[in-house]
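A.B. asks: Encoded as structure tokens, here's the structure I'll be asking about.
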Amino acid sequence: MSTATAAVLQPLPTIRPWLEDVYRHLHAHPELSMAEHATAARVVQEVSGMPDAEDLEVHTGIGRTGVAVVARNGEGPTVLLRADMDALPVAEDTGLDYASTVRVTNDAGEQVPVMHACGHDTHVATLLASLRLLLEGRAHWAGTVVAVFQPAEEQFNGAEAMVADGLVDLLPRPDVALGQHVLPGPAGSVQVAPGPIMASCDDFRITLHGKGGHGSAPHTAIDPVVMAASLVMRLQTVVSRQVSPQATAVVSVGRIAAGTKTNIIPAHAVLEGTVRTYDGVVAAHCLEVIERTARAEALAWGAPEPGFETFDHLPVTDNDPGATERVRAALTAELGEAQVRDFTPEMGSEDFGELPAAWGVPGCYWGFGAFDAQDWGAAEERGTERADFPHNHSPHFAPVLQPMLDTGVRAMVAAAMEWLAR
């Protein structure tokens, strides 16, 4: 590690109890997208107790619940550090003594459980700790740190909402934007790679119009439930039969809504799904085929033409090669070469890229490991890591406290110091 980075990180053992307490609190008190009011308030509370807090610029309510903290420390580069804050409508089943038991009413008026099943609590906690250490270690760096606590990543519109709410004019222009995500892997390690690492996302909604009737007389109706079932199966051939095998794409239907009672054939059914790919042409082709298939399905049933719409577009997460080379070097210097793995591109999507794109600056996004390193290593030897460990969004997703949290802090500080170190 560099001398300056080592100096900034030196107090990490002394703040570890505070870091772990903040994390446990956030994990036990999750909030859904665009409802992160208590989380944002906790962020502001913790920041207000940091060194020289009176000199910080703290902006709240950006994009509804977003928070941004600006720490100026003389002339030098500006580095944006991002953490997302929202949780998921998942019932936690981890057995942790700080497990969430939260239930809330969502925007649709439904009672749902809430859990930090994607690890955004680790992102908030590690960014708070990184900011605290950087403030305590001001003598070892120069420039400006911008810490962005973003809402609604799971809803795909949090970064977009902050940008639309004037983020670019509110904050100093960064020289680089950095972000990280806890992922399946051995705690103590990180995963990083240049170029496209996460897919684009285009969500779609199909509204099928049938003809309602009595469940005992389906021949007098046009059943949109059966129509929807047939369409879901037919959409599974979009990629396998209508996209080149040399392209990468995923089409999944994640929601079907229809009906109110067992003996009533409803008049309508709604399907919602997602297209993931690394190629905009492939994405557009998939959406065209999906719409065409939905129209053909309705025609086959003698049903009215269905509704089709897209929403929640996310671009490919594309790490800037130059910034990523510098981040990887910093992570290697801090954690050791054996702990720095390649980030295998995946079909999940992220809205982190909206932030560097808003200023037209380079960005780098990496992962850090969630699970016990010894257990992970044994599973890798067996080739069973996918089966043995839950992925993000699972009700069983429970990262080990340490060295997971310390690694997230060390990675974030080391990457920031690559630009800021005196």
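The values are calculated or read from the model by the stated rules, or taken from the named source; none is laboratory data. No experiment lies behind these values; they were computed from the predicted model shown. Cβ atoms come from the backbone with ideal geometry, glycine included; neighbour counts cover every protein chain shown. These accessible areas exclude ligands, DNA and RNA; they are computed on the full protein's heavy atoms, side chains included. Shrake-Rupley method; radii C 1.70, N 1.55, O 1.52, S 1.80 Å.
A.B. asks: Tell me, what is the 1.4 Å probe accessible area of residue 376, in Å² to the nearest 10?
C.D. replies: 20 Å²
A.B. asks: Calculate the radius of gyration of the Cα atoms of the range 271-331 to one decimal place, then report Dmax, the largest Cα-Cα distance, as a whole number, both in Å.
C.D. replies: 18.7, 62
A.B. asks: Additional query: With an 8 Å Cα cut-off and a minimum separation of 6 or more residues, compute the relative contact order for the chain in percent.
C.D. replies: Reported as a whole number, the value is 24 percent.
A.B. asks: Okay, next question. Please compute one quarter of the surface area of the Cα convex hull for the chain and express it in square nanometres.
C.D. replies: One quarter of the hull surface, i.e. the mean projection, equals 21.8 nm².
A.B. asks: Compute the FRET efficiency between residue 108 and residue 214 as 1/(1 + (r/R0)^6), taking r as their Cβ-Cβ distance and R0 = 30 Å, and round to the nearest 0.05.
C.D. replies: Efficiency for this residue pair is about 0.60.
A.B. asks: Quick query: amide H of residue 368 versus all other amide H atoms, modeled in the peptide plane; which residues come in under 5 Å with a sequence gap of 5 or more or a different chain?
C.D. replies: 181, 182, 183, 191
A.B. asks: If you don't mind, another one. Whole-Hz Karplus ³J(HN,Hα) for the range 111-120, in order, using 6.51 cos²θ - 1.76 cosθ + 1.60 and θ = phi - 60°, x for Gly and Pro?
C.D. replies: After applying 6.51 cos²θ - 1.76 cosθ + 1.60, I find 7, 9, x, 9, 8, 7, 7, 10, x, 5 Hz.
A.B. asks: Shifting gears a bit: Say each of residue 52 and residue 309 gets a label point 7 Å from the Cα, pointing the same way as Cα to Cβ; how far apart are those two points in nm?
C.D. replies: Those two pseudo-labels are separated by 4.9 nm.
A.B. asks: Please find, in a Gaussian network model of the chain (springs between Cα atoms separated by less than 10 Å), the residue of 69, 192, 225 whose mean-square fluctuation is greatest.
C.D. replies: Between 69, 192, 225, it is 225 that shows the largest mean-square fluctuation.
A.B. asks: Rounded to the nearest 20 Debye, what is the dipole magnitude of the chain about its Cα centre when Lys and Arg each give +1 and Asp and Glu each give -1 at the C-beta? List each step's numbers first, then the result.
C.D. replies: Working: 26 positive and 54 negative charges, 123 e Å.
Charge dipole, the chain, about its Cα centre: 580 debye, nearest 20.
A.B. asks: Okay, moving on. Distance from the Cα centre of the range 13-80 to that of the range 129-160, in angstrom?
C.D. replies: 8 Å
A.B. asks: Could I ask something else about it? Please give the residues of the range 336-362, grouped as numeric ranges, whose backbone N is less than 14 Å from a label point set 7 Å along the Cα-to-Cβ vector of residue 393.
C.D. replies: Zone members listed by number: 346-351.
A.B. asks: State, as an integer percentage, the relative contact order of the range 1-141 based on alpha-carbon contacts under 8 Å between residues 6 or more apart.
C.D. replies: 34 percent
A.B. asks: Okay, next question. With loop defined by DSSP as not H, G, I, E or B, and exposure as at most 16 other Cβ atoms within 10 Å, which is the longest segment of the chain clear of exposed GluC sites (Glu not before Pro)?
C.D. replies: Working: sites that count: 75, 110.
Between exposed loop sites, the widest span is 111-422.
A.B. asks: Sticking with this structure for a sec: Roll a 1.4 angstrom probe over the protein heavy atoms and tell me the percent of accessible area of the chain that is carbon or sulfur.
C.D. replies: 52 percent
A.B. asks: Also, I was wondering about something else. Per DSSP helix of 4 or more residues, -39500 (n - 2.57); summed, then divided by the residues of the chain. What does that give at 222 nm, rounded to the nearest 500? Could the numbers behind the result be given before it?
C.D. replies: On the way: 14 runs with 155 residues, N = 422.
It comes out at -11000 deg cm²/dmol, rounded to the nearest 500.
A.B. asks: Would you look at the GNM of the chain, springs on alpha carbons closer than 10 Å, and say which of 336, 185, 66 moves the most?
C.D. replies: Evaluated over the chain, the most mobile residue of the options is 336.
A.B. asks: Can you sort 366, 18 by 1.4 Å-probe accessible area, starting with the largest? The partial results should precede the final answer.
C.D. replies: Working: 366 0, 18 50 Å².
Result, largest first: 18, 366.
A.B. asks: Moving on to the next point. Grab every C-alpha pair in the range 20-142, bin the distances at 10 angstrom width from 0 up to the longest one, and report whole percents.
C.D. replies: For the range 20-142, the binned pair fractions read 13, 41, 29, 13, 4, 0 percent.
A.B. asks: In debye to the nearest 20, how big a dipole does the range 251-352 give about its Cα centre with +1 on each Lys and Arg Cβ and -1 on each Asp and Glu Cβ?
C.D. replies: Dipole about the Cα centre, nearest 20: 480 debye.
A.B. asks: Leaving out ligands and nucleic acids, and using a 1.4 Å probe, what accessible area per residue does the chain come to in Å²? Please report the intermediate quantities before stating the final value.
C.D. replies: Values: 17530 Å² over 422 residues.
Solvent-accessible surface per residue comes out at 42 Å².
A.B. asks: Which whole-number percent gives the relative contact order of the range 58-175, counting Cα pairs below 8 Å spaced six or more residues apart?
C.D. replies: Details: 202 pairs, mean separation 51.2, N = 118.
That works out to 43 percent.
A.B. asks: Same structure, new question: Which ³J(HN,Hα) values in Hz, rounded to whole numbers, follow from the phi angles of the range 124-138 under the Karplus curve 6.51 cos²θ - 1.76 cosθ + 1.60, where θ = phi - 60° and Gly and Pro get x?
C.D. replies: Ordered by residue, 3J(HN,Hα) equals 5, 5, 6, 5, 4, 5, 4, 5, 4, 5, 5, 5, 5, x, 3 Hz.
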